[in-house]
1. Could you list, in sequence order, all residues of segment 11-58 that are within 11 Å of the chain's Cα centre (by Cα) and of a type in the set (Asp, Glu)?
2. Does segment 7-62 hold any residues that are modelled with pLDDT under 95, of a type in the set (Val, Ile, Thr) and open to solvent by less than 10 Å² (accessible area, probe 1.4 Å), and which are they?
3. Run down 137, 204, 124 and say which single residue is over 16 Å from the mean Cα position of the chain (by Cα) and either surrounded by 15 or more Cβ atoms within 10 Å (Cβ to Cβ) or farther than 19 Å from residue 51 by Cα (or both).
4. For a quick check of your reading of the model, give me the residue pairs whose first member lies in segment 154-165 and is over 13 Å from residue 138 (Cα atoms), whose second is open to solvent by 20 Å² or more (accessible area, probe 1.4 Å), with beta-carbon atoms closer than 6 Å and at least 6 apart or on different chains.
5. Tell me which of these residue 90 doesn't satisfy, since it passes every other one: (1) surrounded by fewer than 23 Cβ atoms within 10 Å (Cβ to Cβ); (2) hydrophobic (A, V, I, L, M, F, W, C); (3) modelled with pLDDT of 90 or more.
6. Would you mind telling me which numbered condition in (1) loosely packed, with under 15 Cβ neighbours inside 10 Å; (2) at pLDDT 70 or above; (3) assigned to a loop (DSSP other than H, G, I, E, B) residue 113 fails?
7. Scan segment 157-191 for residues that are within 21 Å of residue 26 (Cα to Cα) and under 14 Å from the mean Cα position of the chain (by Cα) and jot them down.
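The values are calculated or read from the model by the stated rules, or taken from the named source; none is laboratory data. Owing to the predicted nature of the structure, the values given are computational and were not obtained by experimental measurement. Quick reminder, even Gly has a Cβ in these numbers, built from the backbone with ideal geometry, and neighbours come from all protein chains shown. SASA here: full protein model, heavy atoms, side chains in, ligands and nucleic acids out. Shrake-Rupley method; radii C 1.70, N 1.55, O 1.52, S 1.80 Å.
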Amino acid sequence: MTDLRESTRPAPEVLAAFEAATGFMPVDEGLALYAAALDAARLTGGLPLLEIGTYCGRSAILLAGAARAAGTVALTVDHHRGSEEQQPGWEYHDPTLVDPEIGWMDTLPRFRRTLHRAGLEEHVIALVGRSPQVATVWGGRLALVFIDGGHTDEHATGDYEGWMPHLAEDGLLVIHDVFPDPADGGQAPYRVYLRALAEGFEEVSVTGSLRVLRRGAGQHEGLPESSDRTDG
């Protein structure tokens, strides 16, 4: 397996913005994500990079930095109402992210401030909605799909099935929170990872709970026709 981190790192200001942002991704996994995004964009001729699960924009900073470096755009998909474990009474709930008027989680304002502070707003298109719905209307191919949304089987599988038809040949699939041992975390991302391997994806790198996989040659049957569109 190739360690992409050796040849590519984000600009110092991008890495500093990532480290300062609200979120859960460790630095080593972030560096691997950035390297994968840059590699995917270059190999596919500058197709867009897609993230599923934006939260407050921590990892989106790295995708935006890679998009800026590669001359493309990063897309982030999230309904911004928080995943299951971020709701009141759960382990990762942050009361400062609750809209005081309606009483629901709303991470969109924090996300926008995060990108603004990082100086990367123009390199990101925020798609506010539920991943399967957005996937059904998306019309182009993607260099990279980063699955980091809901961690139930329903959501993780829906993200995989909804977006894999749009991943270009030689594109990269990145999956976060892959834990082979159930004692370390939920198993839905791990099951999606195993499915991807069984369906012909090739593992590129492993960093903590982050897995980077490449679509295999000839694995693109059934994908939408090639397009340079970056609109949803």
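1. Matches in segment 11-58: 51 only.
2. 54
3. 204
4. Partner pairs satisfying both residue conditions: 158/132.
5. (3)
6. Unmet for residue 113, out of (1) loosely packed, with under 15 Cβ neighbours inside 10 Å; (2) at pLDDT 70 or above; (3) assigned to a loop (DSSP other than H, G, I, E, B): (3).
7. Result: 172, 173, 174, 175, 176, 177, 178, 189.
Every residue, every condition in (1) surrounded by 14 or more Cβ atoms within 10 Å (Cβ to Cβ); (2) within 16 Å of residue 52 (Cα to Cα); (3) at pLDDT below 95, yes or no:
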site: 160; (1), (2), (3): yes, yes, no
site: 163; (1), (2), (3): yes, yes, no
site: 169; (1), (2), (3): yes, no, yes
site: 173; (1), (2), (3): yes, yes, no
site: 178; (1), (2), (3): yes, yes, no
site: 184; (1), (2), (3): no, no, yes
site: 195; (1), (2), (3): yes, no, no
site: 210; (1), (2), (3): yes, yes, no
site: 218; (1), (2), (3): no, no, yes
